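Below is one structure, written out as structure tokens; comments come after it.
The values are calculated or read from the model by the stated rules, or taken from the named source; none is laboratory data. Only a predicted model underlies this, so the values are computations on that prediction, with no experimental measurement involved. All Cβ positions, glycine included, derive from the backbone under ideal geometry; neighbour counts span all protein chains shown. Surface accessibility is based on the protein's heavy atoms, side chains included, excluding ligands, DNA and RNA. Shrake-Rupley method; radii C 1.70, N 1.55, O 1.52, S 1.80 Å.
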Amino acid sequence: MAETIEELEAKIAALPRGTIVTKNIDGKPYFYQQYKENKKTVSNFLSNEEAEKMRPLIEERRELQKCLKEIKKNPDSASQPKNTSEYIMNAITGCNLIEMAETASSFKKRDCYEKISSYLYGKPADKVCLVYGLRRTGKTTLLKQLILDMSEENRMQTVYIKARVGETIADLNKDIKTARENGIKFFLIDEITLLEDFIDSAALLSDVYAVQGLKFVLSGTDSLGFYFAESEELYDRTVTVHTTFISYKEHARLLGITSIDEYIRYGGTLKAGELAFEDEELNVEEASFRDDETARRYIDTAICKNIQHSLKCYQKGRYFRHLRELYDANELTNAINRIIEDENHEFTVKVITDLFESHDLGSTAQLLRKARDEDKRTDVLDTIDKSQILATLKKILEIKELDNQKIGVTDSHVTEIKQYLKRLDLIDELDIETLTGNAGRLNYTIFTQPGMRFCQAQALVYSLMEEREIKLITDKIIEGVLGHMLEDIVIYETKRILMPNRFTNKKQVFQIRFDAGEFDMVIYNSETNTCEIYEIKHSAEFDAHQYRHLINDEKIALTEKRFGRIT
């Protein structure tokens with residue numbers, strides 16, 4: 001039986017309001033519950049323990065608010081069905097599944113949907129399907145879409161279970177036995193990594209139940225927890241589906257946003273097209289990369305919490321390694337934030353340095369001197385003190401370096417945290433070949449969620465802004481950020497398509513740098529010993545100057561000597 005509006009409103013009223021925000025003061029994180037009351041923001045301090053307990057309650061309130069909104073919009077429809085009493089966990093079966101899944105009916109499907117569907121209806125393979133990725137990348141929606149597409153017969157053989165904090169694998173085991181007695185064959189289990197003993201006990205699902213022909217689609221936000229479970233307990237008995245990376249093509253198809261600049265600014269989650277910017281409380285929860293602060297909140301909840309919860313649950317925390325000291329001092333969240341921020345600042349500094357070393361600034365100065373619009377005509381870029389801008393930038397970064405020293409982040413911490421960020425699909429390495437000077441191969445870190453990198457780069461650039469003259473520079477730097485990020489996106493997406501398996505691929509994707517200039521992207525075919533070279537430009541214009549490096553005889557000769565004929 002479905003819950004009434006009155007019952008939902010009573011439940012919502014009993015749960016905490018607003019959101020939990022993190023403020024970093026003197027290098028340490030402090031947690032606050034924030035919400036609106038009488039048009040004013042109320043902020044209540046929380047201890048670490050209080051914040052951990054309150055997060056799932058706030059999440060539950062938000063889910064109930066969505067249900068209430070749906071039932072008010074359509075009074076004839078039912079709200080979220082109540083848990084079937086014979087189950088311990090929050091389980092939904094039969095006709096109630098359609099009611100629960102209806103909210104996903106208007107969403108387009110992720111590219112990975114077919115892989116999950118093929119597992120569900122394919123021959124029994126003694127495996128479970130793991131659907132994992134960072135928050136707001138469509139995991140729960142994928143489960144709901146599976147339900148909506150089911151035949152009536154299959155739906156009657158399906159149970160959807162949403163795990164909650166405090167529940168265990170023993171609770172799930174009892175519910176699986178109950179479900180089997182009721183003729184259930186398909187198990188869709190959401191947020192399964194909330195079960196504290198899931199990582200150490202996951203083999204129960206593959207070794208005991210999947211071998212009997214039951215199908216399990218397991219979804220969760222703790223990507224690292226799935227990685228540990230897959231590496232240890234589940235080993236080769238999984239079909240894995242990663243949702244964290246959303247390509248430009250898929251982002252455009254799902255949200256109908258075809259602007260590459262919109263993808264650079266907000267890409268990475270599926271919330272960019274759904275924001276009500278006038279709703280301040282909603283924005284606190286939903287806007288992942290609206291500005292530096294929303295990015296920090298997303299990093300705290302989707303990444304830092306993900307890593308810490310997984311490490312805490314895996315073999316009773318024995319795999320914290322060097323990160324144990326930071327975790328025990330409640331400083332691991334801040335350390336992860338700083339490492340992510342430092343990577344993005346390093347990217348921004350390169351953009352600024354390239355700008356000052358190139359002719360772009362001079363070209364802009366010339367255009368501004370000759371501008372027809374009198375309000376835009378100026379010669380300030382001829383007299384701008386570049387050294388002062390660089391000194392200001394250095395000062396800002398030195399302050400952040402001091403913060404790093406306060407939390408005691410060592411090289412070992414950085415190495416381990418980067419390993420986990422890579423396991424979360426958040427970062428990857430792009431290769432750079434240097435063919436002149438100190439020849440060799442370098443690595444360059446790219447963030448697979450571009451919106452995160454852009455908003456942190458933008459925040460650093462805007463911290464330089466003090467007057468009109470500086471703004472002219474910062475606008476130019478933002479253009480440079482967009483250009484460099486477009487290069488990253490094109491190279492990374494090409495690499496994912498052409499190099500799906502690093503052990504068997506015949507093609508390599510990388511960048512070549514010379515003493516002066518670079519080939520933005522190179523695709524080398526080891527079978528034919530040939531290569532392709534590309535220039536990538538974020539520009540509405542097209543002229544020969546842009547591809548001058550591609551037709552430089554010296555650069556061509558150096559490249560062909562190392563990577564074969566350029567095709």
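Observations on the structure shown:
- Output for region 497-528, where each listed residue is open to solvent by less than 60 Å² (accessible area, probe 1.4 Å), within 24 Å of Asp425 (Cβ to Cβ) and not in a strand (DSSP E or B): Leu498, Met499, Asn505
- Flag for Tyr132 being under 20 Å from Ala202 (Cβ atoms), hydroxyl-bearing (Ser, Thr, Tyr) and modelled with pLDDT under 95: yes
- Output for region 42-69, where each listed residue is open to solvent by 80 Å² or more (accessible area, probe 1.4 Å) and touching a strand residue (DSSP E or B) at 6+ places or on another chain (Cβ under 7 Å): Phe45
- The residues of region 537-557 that are open to solvent by less than 100 Å² (accessible area, probe 1.4 Å), closer than 13 Å to Ala516 by Cα and part of a helix (DSSP H, G or I), listed by number, are His549, Leu550, Lys555.
- Region 9-57, residues that are free of Cβ contacts under 8 Å to residues at least 24 places away in the same chain, farther than 30 Å from Val409 by Cα and outside any strand (DSSP E or B): Ala10, Ala13, Ala14, Asn38, Lys39
- The one condition in (1) open to solvent by less than 10 Å² (accessible area, probe 1.4 Å); (2) in a helix (DSSP H, G or I); (3) under 30 Å from Arg253 (Cβ atoms); (4) not hydrophobic (A, V, I, L, M, F, W, C) that Thr140 fails to fulfil: (1)
- Among the residues of region 254-264, some residue qualifies, meaning at least one is of a type outside the set (Asp, Glu) and in contact with a His (Cβ under 6 Å, 6 or more places away or on another chain).
- Taking each residue of region 435-463 that is touching a residue at least 40 places away in the same chain (Cβ under 8 Å) and under 30 Å from Lys561 (Cβ atoms) and looking for partners that are among the hydrophobic types (A, V, I, L, M, F, W, C) and open to solvent by 50 Å² or more (accessible area, probe 1.4 Å) with beta-carbon atoms closer than 9 Å, six or more apart or interchain, yields Leu435/Leu558; Thr436/Ala516; Thr436/Leu558.
- Selection of helices (runs of 4 or more DSSP H) fully inside region 176-273 by the criterion of at least 2 residues being buried (at least 17 other Cβ atoms within 10 Å of the Cβ), touching a residue at least 12 places away in the same chain (Cβ under 8 Å) and within 18 Å of the chain's Cα centre (by Cα) returns 223-229, 248-255, 260-266.
- Restricting region 100-137 to residues that are of a type outside the set (D, E, K, R) and open to solvent by 40 Å² or more (accessible area, probe 1.4 Å), the residue that is farthest from Leu426 (Cα to Cα): Pro124
- Considering residues of region 409-460 that are part of a helix (DSSP H, G or I) and over 22 Å from the mean Cα position of the chain (by Cα) only, the residue surrounded by the fewest Cβ atoms within 10 Å (Cβ to Cβ): Asp411
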